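Asker: My questions will all concern the structure given below.
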Amino acid sequence: MKQQGYIDIAFLKTGGKKPKKVPDLLAKDSEGHIILLEAKRIRDSDDEIKYLVSPRLLDMRDVCHGLTDEMLAKLRSTVERARKQLLALEDENVRCRIVYLSIRIGSLNATHKTRDEIIQFREEMMDDQIEIVHLIENEFLL
């Protein structure tokens with residue numbers, strides 16, 4: 001947010017016994033409008049982590065070019081949760097609501113096609129209420 005020129009960046013906190021889900025960050029632009037950001041991390045599956053911890057010698061695994069149904073469902077549910085959090089804070093001064101996705105692609109899916117499908121997914125999920133920005137943490141694999 002700072003790199004985009006926003007000011008007064010602060011974490012939002014909720015109080016009470018049943019805290020309301022709100023965005024992670026609130027900032028202001030140079031005109032005083034509010035910018036909201038909800039950050040989400042999507043990481044390797046449990047199967048991927050198990051394999052990386054103790055790989056079997058000569059274990060042949062199939063590479064999947066593109067998003068798996070499981071990853072697509074995870075992306076979709078994560079964005080929908082973030083959307084609800086961003087829209088929970090109603091204020092007429094809100095100019096922009098941003099979902100920031102930090103994504104770690106499993107080694108079997110780390111292909112150019114997967115990256116391209118993530119970009120396509122992001123573009124399809126954005127609308128006039130929500131902007132989606134993403135970072136692929138292990139893009140060096142692509």
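The values are calculated or read from the model by the stated rules, or taken from the named source; none is laboratory data. Bear in mind that the values here come from a model prediction, so they are computed numbers and not experimental data. Reconstructed Cβ throughout: ideal geometry from the backbone, glycine too, with neighbour counts over all protein chains shown.
Asker: Just a yes or no: is a residue in the stretch 25-36 in a loop (DSSP other than H, G, I, E, B), of a type in the set (Asp, Glu) and modelled with pLDDT under 65?
Answerer: Within the stretch 25-36 (the criterion being in a loop (DSSP other than H, G, I, E, B), of a type in the set (Asp, Glu) and modelled with pLDDT under 65), the answer is no, since none of the residues qualifies.
Asker: Pick from the stretch 131-142 the residues that are assigned to a helix (DSSP H, G or I) and touching a residue at least 12 places away in the same chain (Cβ under 8 Å): which of them is farthest from Leu72 (Cα to Cα)?
Answerer: Checking each candidate, the answer is Leu141.
Asker: Tell me yes or no: at least one residue of the stretch 47-70 is surrounded by fewer than 17 Cβ atoms within 10 Å (Cβ to Cβ) and modelled with pLDDT of 95 or more.
Answerer: no
Asker: So, in the stretch 116-130, how many residues would count as being in contact with a helix residue (DSSP H, G or I) (Cβ under 7 Å, 6 or more places away or on another chain) and either part of a helix (DSSP H, G or I) or over 23 Å from Gln4 (Cβ atoms) (or both)?
Answerer: Adding up the residues that qualify gives 2.
Asker: Hey, another quick one. So, of the residues in the stretch 76-115 that are more than 16 Å from the chain's Cα centre (by Cα) and among the β-branched types (Val, Ile, Thr), which turns out to be modelled with the highest pLDDT?
Answerer: Among residues in the stretch 76-115 that are more than 16 Å from the chain's Cα centre (by Cα) and among the β-branched types (Val, Ile, Thr), the one modelled with the highest pLDDT is Val94.
Asker: A further question on this structure: Evaluate the following for Ile105: is it of a type in the set (Val, Ile, Thr), more than 30 Å from Glu92 (Cα to Cα) and either assigned to a loop (DSSP other than H, G, I, E, B) or without any contact (Cβ under 8 Å) to a residue 40 or more places away in the chain (or both)?
Answerer: Spelling it out, Ile105 is indeed of a type in the set (Val, Ile, Thr), more than 30 Å from Glu92 (Cα to Cα) and either assigned to a loop (DSSP other than H, G, I, E, B) or without any contact (Cβ under 8 Å) to a residue 40 or more places away in the chain (or both).
Asker: Which members of the stretch 94-124 meet the condition of being aliphatic (A, V, I, L, M) and surrounded by fewer than 16 Cβ atoms within 10 Å (Cβ to Cβ)?
Answerer: Ile119
Asker: State which residue is modelled with the highest pLDDT when the search covers only the stretch 1-24 and only residues that are of a type in the set (D, E, K, R) and either out of contact with any strand residue (DSSP E or B) (no Cβ under 8 Å at 6 or more places or on another chain) or not in a strand (DSSP E or B) (or both).
Answerer: Out of the qualifying residues, it is Asp24.
Asker: For Ser77, only one of the following conditions fails: (1) without any contact (Cβ under 8 Å) to a residue 12 or more places away in the chain; (2) of a type outside the set (A, V, I, L, M); (3) in a loop (DSSP other than H, G, I, E, B). What is its number?
Answerer: (3)
Asker: Residue check: is Leu75 within 19 Å of Asp127 (Cα to Cα) and surrounded by 14 or more Cβ atoms within 10 Å (Cβ to Cβ)?
Answerer: It is true that Leu75 is within 19 Å of Asp127 (Cα to Cα) and surrounded by 14 or more Cβ atoms within 10 Å (Cβ to Cβ).
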